[in-house]
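Derivation of every value follows stated rules applied to the coordinates shown; laboratory data play no part. All figures in this text were calculated on a predicted structure; none of them were measured in a lab. Here the Cβ is made from the backbone with ideal geometry for all residues, glycine too, and neighbour counts use every protein chain on show.
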Amino acid sequence: MVLEPRPIIEMRHVTHRFADGSIGIEDVSLKIHEGEVVLMIGPNGSGKTTLFRLLIGLLLPQQGEILVEGISVRKDVLHARKRIGMVFQDADCQIVGETVASDVAFGPENLCLNRSDIETRIDQSLKAVGLEALADRRPHTLSGGEKRRLAIAGMLAMKPRVLVLDEPFANLDYPGMQSIVTILKRLIEDRNTILIASHQVDAIYPLLTRMVLLHRGKLVADGPPGQILPKAVAMGILGPNMIP
């Protein structure tokens with residue numbers, strides 16, 4: 001008998017309600033394995049961002065359990081945040097350094113690494129997102145796309161097992177979107193595990209191994225992109241021109 005490898009992330013019947021009683025997500029069970037590139041799709045308010053915040057312990061479920069490498073997020077939030085790097089829709093909220101390089105250094109410095117290891121991580125992360133020439137720039141002078149790439153670099157410097165991107169193309173022009181797609185291609189070539197929430201499905205569809213469809217906080221479909229895409233079109237979440 002072939003045993004299924006242990007997932008990096010496992011959600012078991014997870015429900016989260018907000019203070020006003022509204023449902024964020026309801027009875028969601030989900031497994032994420034190493035090397036997967038998963039797109040979470042659904043209309044606004046479907047629970048995508050709520051799900052991501054639960055994975056790193058920014059929210060806690062009222063019911064169910066979330067495990068990261070088999071360890072409960074509720075019991076060890078720090079473990080989850082070391083393994084899962086989340087890039088928020090508003091990149092500005094994650095930028096804390098006075099320069100591009102010092103911003104990327106922030107996470108590794110908090111891991112108490114030696115200076116040589118920190119410098120190596122800065123160099124590798126900035127090269128991965130194409131910002132090595134801007135290491136001494138002040139972040140507030142960057143374009144929207146460059147800030148998004150800087151936020152990704154900051155997460156890569158932490159060497160997470162899973163990278164989570166919440167609407168990575170929001171408010172970007174076409175060149176900015178293409179720069180993010182290029183970064184994603186490089187990360188996928190290196191076998192990174194990536195979770196994405198985005199309405200720009202056409203930009204990343206060829207990169208996906210899986211799609212998860214959420215609606216009103218519930219997981220309504222999960223599987224290969226070719227199977228899930230027609231369901232999203234039938235529900236009016238995507239236009240009919242999205243079907244290849």
Practice item. With everything on Cα atoms, drop me the angle between helix 144-156 and the longest principal axis of the chain, reported from 0 to 90° to the nearest 10. Key: 90
Point to revise | ³J(HN,Hα), Karplus 6.51/-1.76/1.60, whole Hz, each residue of the stretch 7-13, x for Gly, Pro | key: x, 5, 10, 9, 10, 10, 6
Check your understanding: For the residues 181, 37, 100, 129, what sequence is obtained by ranking on other C-beta atoms within 10 Å, fewest first?
Key -> 181, 37, 129, 100
Revision key, fill the gap. For the stretch 204-214, Karplus-derived ³J(HN,Hα) couplings (6.51, -1.76, 1.60; θ = phi - 60°; whole Hz; x for glycine and proline) come out as 10, 3, x, 8, 7, 9, 6, 10, 10, 9, 10
Study note, to complete from the structure: Karplus ³J(HN,Hα) for the stretch 133-139 (6.51 cos²θ - 1.76 cosθ + 1.60, θ = phi - 60°; Hz, whole; x = Gly/Pro) runs 6, 10, 4, 9, 6, 7, x
Study note, to complete from the structure: Summing -39500 (n - 2.57) over every DSSP H run of at least 4 in the chain, dividing by its residue total and rounding to the nearest 500, the 222 nm mean residue ellipticity is -10000 deg cm²/dmol
Point to revise | Kirkwood Rh, Cα atoms: Rg over Rh of the stretch 9-238 | key: 0.96
Check your understanding: Helix 174-189 sits at what angle to the longest principal axis of the chain, using alpha carbons and giving 0 to 90 degrees rounded to 10?
Key -> 80
**Study point:** Among 238, 224, 165 - extreme Cα towards positive end, dipole of the stretch 152-244, charges at beta-carbon
**Key:** 224
Check your understanding: Cα axis of helix 225-234 to longest principal axis of the chain: angle in degrees, 0 to 90, nearest 10?
Key -> 60
Study note, to complete from the structure: Expressed in µm² per second, the diffusion coefficient of the stretch 124-228 from the Stokes-Einstein equation, with Rh the Kirkwood radius over alpha carbon pairs, at 25 °C and 0.890 mPa s, is 165
Check your understanding: Each label point is 7 Å from the Cα along the Cα-to-Cβ direction; what then is the distance between the points at residue 159 and residue 65, in nm?
Key -> 2.9
